[in-house]
Every structure is written in C-alpha cells, then in structure tokens.
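The values are calculated or read from the model by the stated rules, or taken from the named source; none is laboratory data. Source: prediction; values computed, not measured. With ideal geometry, Cβ positions are generated from the backbone for all residues, glycine too; neighbour counts draw on all protein chains shown.
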Amino acid sequence: MTSAPADGAPAIHCDQFLPHSPATVWKALTDPELHARWWAAGDVRPVVGHRFSLDMGPWGEQPCEVLAVEPERLLRYSFAEGSLDTTVTWRLEPEGHGTRLFLTHEGFDLDSPLGKAAFDGMGNGWPGVLDRLAAVLAGPAAP
C-alpha cells in the first residue's frame, strides 16, 4: 500500500501481524544472518550511526546508516544513500500474543525516473518481503 501524506511526500506504508514476541521480531530485523534470509544480506546492527550496505542483487550494494533505535520498538535507517536517499522505518507494537510490525519507506523523489521506478517497484515488493519475514519466523530454523 502506498500513499502521499498531507505534506505531499510519497511514502510506502505496510503493516503485518506476526504471531511472535517483539523480541523475536526485533532479532529478525537486526541479526544479519536472519535479515539475509528474508530480505537482503548486510551487516545491519541496531546502533545509531552504524553504516552498512544491503546486497540488493541486481540493484547492487545499497549504503545505509542507522538513524534511530528503540530496542524492540523502532529501527530507522537511511537506504540507498547517494541514489534513492530514502528512509526505512520499522515500528513494532505488541498486539495480543504477537507483534504488529509497521513499515514506512519514505523520501522518494517522484520527479526522478529512478525515484518513481523505485517507489512503484518497492510499493509492490514490500508486501512480499513481509511475507518472507513471516515465513522465516514460522520456519523450522526460526529464532
């Protein structure tokens, strides 16, 4: 799902309920080995200022920097610095016997062909990424 907030800035918003504790979901977001199983390989760590790259396959290595961390609640990082210059925010909220995971991917420049293509592609792609996260968490080698 995508939207343009009142300020006109385009953003992708997704949320998914995961029948796992916030601690388990947090580990999948911040452990490089687990992260590689559901999205992209890279040395992601929940440390503000930590710089890392995500291997996006045919789109190459995308540089990132952690901008905000609230353990088991929020992880925000810049994504594709120098090309897309967007921000990815993961927010976790306890819900019943699990966690509601909210994703916001924002900062797309729809005036550039790359920004427009990325917004359209990632808008369609993020739900599948969240489905892979759910599958990894439910799998036999789950955290």
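Only one of Glu61, Glu81, Glu65, Glu93 is closer than 22 Å to Lys27 by Cα, of a type in the set (Asp, Glu) and more than 14 Å from the chain's Cα centre (by Cα). Can you tell me which?
On inspection, the qualifying residue turns out to be Glu93.
Would you pick out the residues in region 47-61 that are closer than 19 Å to Gly115 by Cβ and exposed (fewer than 14 other Cβ atoms within 10 Å of the Cβ)?
If the condition is that a residue be closer than 19 Å to Gly115 by Cβ and exposed (fewer than 14 other Cβ atoms within 10 Å of the Cβ), then Pro58, Gly60 are the ones that fit.
In contact (Cβ under 8 Å) with a residue 60 or more places away in the chain and surrounded by 14 or more Cβ atoms within 10 Å (Cβ to Cβ), is that true of Glu81?
In short, no.
Filter region 23-43 down to residues that are among the aliphatic types (A, V, I, L, M) and out of contact with any Phe, Trp or Tyr (no Cβ under 7 Å at 6 or more places or on another chain) and give me whichever is surrounded by the fewest Cβ atoms within 10 Å (Cβ to Cβ). Step through it out loud before you land on a result.
So in region 23-43, the residues among the aliphatic types (A, V, I, L, M) come out as 23, 25, 28-29, 34, 36, 40-41.
Restricting the remaining residues to those that are out of contact with any Phe, Trp or Tyr (no Cβ under 7 Å at 6 or more places or on another chain) gives 23, 25, 34, 36, 40-41.
On the way: Ala23: 12, Val25: 24, Leu34: 20, Ala36: 15, Ala40: 18, Ala41: 16.
Once the filter is applied, the top-ranked residue is Ala23.
List pairs: first in region 58-73 and of a type outside the set (Lys, Arg) and assigned to a loop (DSSP other than H, G, I, E, B), second at pLDDT 95 or above and surrounded by fewer than 15 Cβ atoms within 10 Å (Cβ to Cβ), Cβ under 6 Å, 6+ apart or cross-chain?
Listed pairs, sorted by first residue: Glu72/Ala23.
Of the residues Ser83, Ser112, which single one is out of contact with any helix residue (DSSP H, G or I) (no Cβ under 7 Å at 6 or more places or on another chain) and either at pLDDT below 95 or aromatic (Phe, Trp, Tyr) (or both)?
On the way: Ser83 fails: out of contact with any helix residue (DSSP H, G or I) (no Cβ under 7 Å at 6 or more places or on another chain).
Just a single option satisfies the conditions, and that option is Ser112.
Would you mind telling me which numbered condition in (1) exposed (fewer than 14 other Cβ atoms within 10 Å of the Cβ); (2) charged (D, E, K, R); (3) more than 22 Å from Asp15 (Cα to Cα) Asp131 fails?
Failed condition: (3).
Could you give every pair whose Cβ atoms fall below 8 Å, whose first residue belongs to region 117-132 and is farther than 17 Å from Thr87 by Cβ, and whose second residue is among the hydrophobic types (A, V, I, L, M, F, W, C) and assigned to a helix (DSSP H, G or I), counting only separations of at least 6 or pairs across chains?
Arg132/Trp38
Residue by residue through region 91-121, note down the ones that are buried (at least 19 other Cβ atoms within 10 Å of the Cβ), out of contact with any Cys (no Cβ under 9 Å at 6 or more places or on another chain) and within 20 Å of Arg37 (Cβ to Cβ).
Leu92, Thr99
Are there any pairs with C-beta distances below 7 angstrom linking a residue in region 15-31 that is closer than 26 Å to Asn124 by Cβ to a residue that is of a type in the set (Phe, Trp, Tyr), with the two at least 6 apart or on different chains, and if so which?
Within 7 Å, the pairs are Asp15/Phe102; Ala28/Trp38; Leu29/Trp90.
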